[in-house]
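To start, the structure under review is shown below, and the notes come after it.
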Amino acid sequence: QVQLVESGGGLVQAGGSLRLSCAASGRTFNNYAMGWFRQAPGKEREFVAVITWSSHTAYAASVKGRFTISRDNAKNTVYLQMNSLKPEDTAVYYCAVDRYYRGKYSEVSEYEDWGQGTQVTVSS
């Protein structure tokens with residue numbers, strides 16, 4: 001099992017930026033795809049972005065062009081840079097590990113381990 005700890009959430013005005021971090025335990029971090037998801041109150045958890053072990057990336061349409069996912073394998077950390085934030089980006093953001101990469105990276109069931117989440121609130 002991989003332990004994940006997110007940080008970097010907070011309150012920001014619309015149009016602002018935040019950078020989320022997700023620190024992972026384990027020596028084989030480099031071999032895993034890593035994803036970011038979010039969950040707003042009363043809604044299902046939804047895919048935000050994914051980065052593979054070779055740093056290929058994919059994004060949800062709602063965040064493409066505004067969010068950037070990256071990873072630093074030396075630090076066992078994945079990041080989510082969020083720019084031009086909107087009130088509808090308000091949610092708890094979770095990072096997750098995809099150890100077996102079956103290709104369904106936008107599905108919650110693809111991921112084996114999850115962090116505890118970090119709250120992002122965007123005011124209008």
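The values are calculated or read from the model by the stated rules, or taken from the named source; none is laboratory data. None of these values were measured; they are calculated from a predicted model. Heads up, the Cβs are rebuilt from the backbone with ideal geometry, glycines too, and the neighbour counts pull from every protein chain shown. The protein model used for the area step is the full one, side chains on, heavy atoms only, and it has no ligands, DNA or RNA in it. Shrake-Rupley method; radii C 1.70, N 1.55, O 1.52, S 1.80 Å.
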Of 16, 42, 103, which is the most mobile in a GNM of the chain whose springs link Cα atoms less than 10 angstrom apart? 42
Please report the carbon-and-sulfur percent of the accessible area for the chain; probe 1.4 Å, protein heavy atoms only, DNA, RNA and ligands left out. 47 percent
How many angstrom separate the Cα center of region 93-117 from the Cα center of region 19-40? 8 Å
For the charge dipole of region 27-121, defined by +1 on Lys and Arg C-beta atoms and -1 on Asp and Glu C-beta atoms about the Cα centroid, which residue among 93, 117, 77 has the Cα displaced farthest towards the positive pole? 77
Excluding residues fewer than 8 places away in the same chain, name every one of the lysines whose C-alpha is closer than 26 Å to that of residue 86. 43, 64
For the pair residue 54 and residue 70, how long in nm is the line joining their label points, each one 7 Å along Cα→Cβ? 2.1 nm
DSSP loop (so not H, G, I, E, B), at most 11 other Cβ within 10 Å: list which chymotrypsin sites (Phe, Trp or Tyr not before Pro) in region 35-124 pass both filters. 100
Karplus-derived HN-Hα couplings along region 15-26 (A = 6.51, B = -1.76, C = 1.60, θ = phi - 60°), whole Hz, x at Gly and Pro: x, x, 10, 9, 10, 8, 10, 9, 8, 10, 8, x
Per DSSP, loop trypsin sites (Lys or Arg not before Pro) in region 9-88 with at most 12 further Cβ within 10 Å: 27, 43
Taking the simple approach of a point 7 Å from Cα along Cα-to-Cβ for both residue 83 and residue 107, what is their distance in nm? 3.3 nm
Find how much the distance from residue 40 to residue 119 grows on full extension, using 0.36 nm per residue of separation minus their present alpha carbon separation; answer in nm with one decimal. 27.5 nm
Low-density loop positions, GluC sites (Glu not before Pro), region 1-105 - DSSP coil, at most 16 other Cβ in 10 Å: 44
Here the gain from full extension of residue 23 to residue 61, 0.36 nm per residue of separation minus their alpha-carbon distance, amounts to 11.1 nm
To the nearest 20 Debye, how big is the dipole of the chain about its Cα centre, given +1 on the beta carbon of each Lys and Arg and -1 on that of each Asp and Glu? 220 debye
Rg and Dmax [Cα atoms of the chain; Å; Rg one decimal, Dmax integer]: 13.4, 42
How much accessible area per residue does the chain have, in Å², with a 1.4 Å probe? 51 Å²
